[in-house]
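Enquirer: Supplied in structure tokens, the structure appears directly below.
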Amino acid sequence: MKVPPSIIQHGIRQRLEEREEFLSPYAAKSHWSRGRQRDEEPCPMRTEFQRDRDRIIHCKAFRRLKHKTQVFIAPLGDHYVTRLTHTLEVSQIARSIARALNLNEDLAEAIALGHDLGHTPFGHVGEEVLNNLYPGGFSHNEQSLRVVEVLEKDGQGLNLTWEVRDGILKHTKTGADILGAEWGSVDTIEGQVCKLADIIAYINHDIGDAVRAGIISVDDLPHQAVALLGRSHSQRINTLVSDVINSSWAATGAGDEPPRIGMSPETREAANTLRHFLFERVYNIARDEAEQAREVVRLLYRHLIEHDEALPTEYKLRDESVARRVVDYIAGMTDNYAQGMAEEIITSGA
């Protein structure tokens, strides 16, 4: 795209980069980025991290998140969380924390918006099935990285900065306790922010969805955790975000303590209590009731392995195993598309 000479003369990007010099000494600075996989001319209007954010928002995988399950598969109601609304909530929380700690808000936003691009249809149920079927194993964080490095733009990828790719890859926590021994590390402090923002977002919106679905009531929540964090969604979000900011103040550069994004012990314990409650009372039940979704993914995998000619052209052209291409195709599907394709296969008797 041709840029008017006047835009270049205004030095917009340079002024934005100069503002970053007033951020915390621990914040990532866009002009000191470790760079992209392929060198590109800088944008005259945006920093490198702002450019990454825009590329993620405009990519196809991001749009498909609106029709992908968060926890409940095909819920009857307009107010249940989808993978897209979850992503937007993570972004909002990450930006709030980053702004308060004087970190790079653009980097936090880009990581948050890209962290779930590789999630399968039917949420973690689909992820588990593909992990069991595909010989190379499957995890949504690795697939999210694959989306931005390989799959988008007809195999060119989005060519994002190293810092954003690192945050996307390392955002996941498996079943580890919050900030526990198996929590894992992210190489930027903004990536650490996003990792906690993801937890804060899903603990709270998944409680709301479970109440909406009639699986639990607010009175079922662990009383000590509710007493500390709050009874309502907004109270819990405010308590958790405020605690992260207060516990992570060294990240601003104040004092001599090493920077670390964390929580106070009592708040972390309460958050872990709620998370364990959700696994026992919500996630496990939701997964037990999702056998139909599992069978859809199994059917698609078996069918496409045997009939790889049915893969779209962009998947057939890559020099990779059939199984790898099939997994990429299925992981990119929305819930409705996967269900529709499975019904077509059954109807045709293929």
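The values are calculated or read from the model by the stated rules, or taken from the named source; none is laboratory data. Please read these numbers as outputs of a predicted model, since none were measured by experiment. Note that we place each Cβ from the backbone using ideal geometry, even for glycine, and neighbour counts take in every protein chain shown.
Enquirer: For I215, all conditions in the list (1) farther than 25 Å from N104 by Cα; (2) crowded, with 19+ Cβ neighbours inside 10 Å; (3) among the β-branched types (V, I, T) hold save one; what is the number of the exception?
Expert: (2)
Enquirer: Tell me yes or no: at least one residue of the range 253-262 is in a helix (DSSP H, G or I) and of a type in the set (D, E, K, R).
Expert: No, because not a single residue in the range 253-262 is in a helix (DSSP H, G or I) and of a type in the set (D, E, K, R).
Residue-wise test of (1) closer than 11 Å to L107 by Cβ; (2) in contact (Cβ under 8 Å) with a residue 60 or more places away in the chain; (3) surrounded by 18 or more Cβ atoms within 10 Å (Cβ to Cβ); (4) touching an Asp or Glu at 6+ places or on another chain (Cβ under 9 Å).
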| site | (1), (2), (3), (4) |
| --- | --- |
| R19 | no, no, no, no |
| A27 | yes, yes, yes, yes |
| G35 | no, yes, no, yes |
| R38 | no, yes, no, no |
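Every residue, every condition in (1) over 25 Å from L65 (Cα atoms); (2) touching a Pro at 6+ places or on another chain (Cβ under 9 Å), yes or no:
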| site | (1), (2) |
| --- | --- |
| G262 | yes, no |
| P265 | yes, no |
| V282 | no, no |
| E291 | no, no |
| V297 | no, yes |
| E309 | yes, no |
| Y315 | no, no |
| D335 | no, yes |
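Enquirer: Return yes or no: is Y301 modelled with pLDDT under 95, buried (at least 19 other Cβ atoms within 10 Å of the Cβ) and either farther than 29 Å from V71 by Cβ or not hydrophobic (A, V, I, L, M, F, W, C) (or both)?
Expert: So Y301 does not fit the description; no.
Enquirer: In the range 159-174, which residue that is over 16 Å from the mean Cα position of the chain (by Cα) and not in a helix (DSSP H, G or I) is nearest to M333 (Cα to Cα)? Lay out the reasoning, then the answer.
Expert: Taking the range 159-174 and keeping what is over 16 Å from the mean Cα position of the chain (by Cα), we get 159, 161-162.
Retained after the next criterion (residues that are not in a helix (DSSP H, G or I)): 159, 161.
Numbers: N159: 22, T161: 26 Å.
So, considering only residues that are over 16 Å from the mean Cα position of the chain (by Cα) and not in a helix (DSSP H, G or I), the one nearest to M333 (Cα to Cα) is N159.
Enquirer: Checking R231 against (1) touching an Asp or Glu at 6+ places or on another chain (Cβ under 7 Å); (2) assigned to a loop (DSSP other than H, G, I, E, B); (3) under 27 Å from G77 (Cα atoms), which test does it fail?
Expert: Among (1) touching an Asp or Glu at 6+ places or on another chain (Cβ under 7 Å); (2) assigned to a loop (DSSP other than H, G, I, E, B); (3) under 27 Å from G77 (Cα atoms), R231 violates only (1).
Enquirer: Right, something else. Confirm whether N272 is assigned to a helix (DSSP H, G or I), of a type in the set (S, T, N, Q) and in contact (Cβ under 8 Å) with a residue 60 or more places away in the chain.
Expert: Yes; evaluated as a whole, the condition is true for this residue.
Conditions (1) modelled with pLDDT under 95; (2) buried (at least 17 other Cβ atoms within 10 Å of the Cβ); (3) more than 30 Å from Q292 (Cβ to Cβ), marked per residue:
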site: D52; (1), (2), (3): no, yes, yes
site: R55; (1), (2), (3): no, yes, yes
site: K60; (1), (2), (3): no, no, no
site: H67; (1), (2), (3): yes, no, no
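Enquirer: Which residues, counting only those in the range 246-260, are surrounded by 18 or more Cβ atoms within 10 Å (Cβ to Cβ) and in contact (Cβ under 8 Å) with a residue 24 or more places away in the chain?
Expert: S248, A251, T252, P259
Enquirer: Residue by residue through the range 40-50, note down the ones that are crowded, with 16+ Cβ neighbours inside 10 Å and of a type in the set (D, E).
Expert: Within the range 40-50, just E48 meets the criteria.
Enquirer: Which count do you get for residues in the range 311-335 that are buried (at least 16 other Cβ atoms within 10 Å of the Cβ), assigned to a helix (DSSP H, G or I) and among the hydrophobic types (A, V, I, L, M, F, W, C)?
Expert: 5
Enquirer: Further question on the same structure: Can you tell me how many residues within the range 234-244 are under 16 Å from V193 (Cα atoms) and crowded, with 18+ Cβ neighbours inside 10 Å? Please lay out each step first, then the result.
Expert: First, the residues of the range 234-244 that are under 16 Å from V193 (Cα atoms): 237-244.
From what's left, crowded, with 18+ Cβ neighbours inside 10 Å: 237, 240-241, 243-244.
Total meeting the criteria: 5.
Enquirer: Please state which one of H205, H171 is touching a residue at least 40 places away in the same chain (Cβ under 8 Å) and within 30 Å of S321 (Cα to Cα). Lay out the reasoning, then the answer.
Expert: Numbers: H205 fails: within 30 Å of S321 (Cα to Cα).
The conditions single out H171.
Enquirer: Any idea which of Y315, Y337, Y301 is touching an Asp or Glu at 6+ places or on another chain (Cβ under 7 Å) and either of a type in the set (A, V, I, L, M, F, W, C) or more than 30 Å from L240 (Cβ to Cβ) (or both)?
Expert: So the residue among Y315, Y337, Y301 that is touching an Asp or Glu at 6+ places or on another chain (Cβ under 7 Å) and either of a type in the set (A, V, I, L, M, F, W, C) or more than 30 Å from L240 (Cβ to Cβ) (or both) is Y315.
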